[in-house]
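Everything on this sheet refers to the single structure shown next.
The values are calculated or read from the model by the stated rules, or taken from the named source; none is laboratory data. Note that the structure is predicted; figures quoted are calculated from it, not measured. Please note: Cβ atoms are built from the backbone with ideal geometry, for glycine as well, and neighbour counts cover all protein chains shown.
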Amino acid sequence: MQISETISLEPLADHHAEPAFELIDNNRTHLKTWLTWVDFMQSADNFRSFIKGAQQRAADNQEASFMILHARKVAGRIGLYYLDHQNKTGAIGYWLGEEFQGKGLVTEACKEIIGHGFTALGLNRIEIKCATGNHKSQGIPERLGFTREGILRQAEQVNGRFHDLYLYSLLKEEWVK
């Protein structure tokens with residue numbers, strides 16, 4: 001999916017393993033602040049295994065996962081997860097390497113993912129959860145017109161500490177294309 005001249009999304013594929021691992025490895029401190037899985041990524045093979053799992057979940061219609069590319073370089077990852085086709089819901093998750101922040105990549109990628117969710121996947125509700133202390137991540141759903149519904153208390157454990165999460169949602173009827 002070509003979003004702009006410099007931003008694109010590619011479905012997760014084996015050729016992403018090496019550059020994604022390198023990005024993670026170079027951004028461990030940055031990513032570990034809010035993400036639980038960073039310590040489990042110790043090699044490109046670990047990311048390759050993750051890709052295989054993501055591809056199987058995509059084949060099972062449980063998620064749609066993409067690498068975010070900036071100027072053809074792997075910059076992060078985004079996807080629609082926890083797809084519930086009965087209730088027509090899904091949740092967006094994303095991360096970026098620190099050097100790619102502040103360029104609008106996640107905001108633009110989210111717009112594309114939201115469109116994909118509401119049109120191709122037929123969703124009615126899309127959620128984003130982010131830690132109450134993660135102000136940069138909160139800016140994404142707020143810029144995109146999501147409603148902050150409340151706080152999920154101590155809903156995620158990162159680095160041995162429980163974090164409260166804001167729950168944001170966007171309904172198909174609220175979506176501005």
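Is it true that some residue in the range 140-156 is within 24 Å of THR29 (Cα to Cα), part of a loop (DSSP other than H, G, I, E, B), touching a residue at least 60 places away in the same chain (Cβ under 8 Å) and not aliphatic (A, V, I, L, M)? Within the range 140-156, none of the residues are within 24 Å of THR29 (Cα to Cα), part of a loop (DSSP other than H, G, I, E, B), touching a residue at least 60 places away in the same chain (Cβ under 8 Å) and not aliphatic (A, V, I, L, M).
Close contacts from the range 117-131, counting a first residue that is among the small types (Gly, Ala, Ser) and a second that is in a loop (DSSP other than H, G, I, E, B), with Cβ to Cβ under 7 Å and a gap of 6+ residues or different chains, come to GLY117/LEU123; GLY122/LYS88; ALA131/TRP34.
Condition check for GLY102 on (1) out of contact with any strand residue (DSSP E or B) (no Cβ under 8 Å at 6 or more places or on another chain); (2) in contact (Cβ under 8 Å) with a residue 40 or more places away in the chain; (3) small (Gly, Ala, Ser): one failure, at (2).
THR29 falls short on exactly one of the conditions (1) more than 22 Å from LEU165 (Cα to Cα); (2) assigned to a helix (DSSP H, G or I); (3) among the hydroxyl-bearing types (Ser, Thr, Tyr), and that condition is (1).
Quick check: is even one residue across the range 64-81 surrounded by fewer than 17 Cβ atoms within 10 Å (Cβ to Cβ) and touching a strand residue (DSSP E or B) at 6+ places or on another chain (Cβ under 7 Å)? Looking for residues that are surrounded by fewer than 17 Cβ atoms within 10 Å (Cβ to Cβ) and touching a strand residue (DSSP E or B) at 6+ places or on another chain (Cβ under 7 Å), one finds at least one in the range 64-81, hence yes. Scanning the range 3-20 for residues that are hydrophobic (A, V, I, L, M, F, W, C), at pLDDT 90 or above and within 15 Å of GLN42 (Cα to Cα) gives a single hit, ALA20.
In summary, strands (runs of 3 or more DSSP E) completely within the range 61-136 and bearing 3 or more residues that are under 12 Å from the mean Cα position of the chain (by Cα) and under 19 Å from ARG48 (Cα atoms) occur at 64-70, 73-84, 89-96.
For the range 141-177, taking the residues that are of a type in the set (Asp, Glu) and over 12 Å from LYS129 (Cα atoms), the one that is surrounded by the fewest Cβ atoms within 10 Å (Cβ to Cβ) is identified as GLU173.
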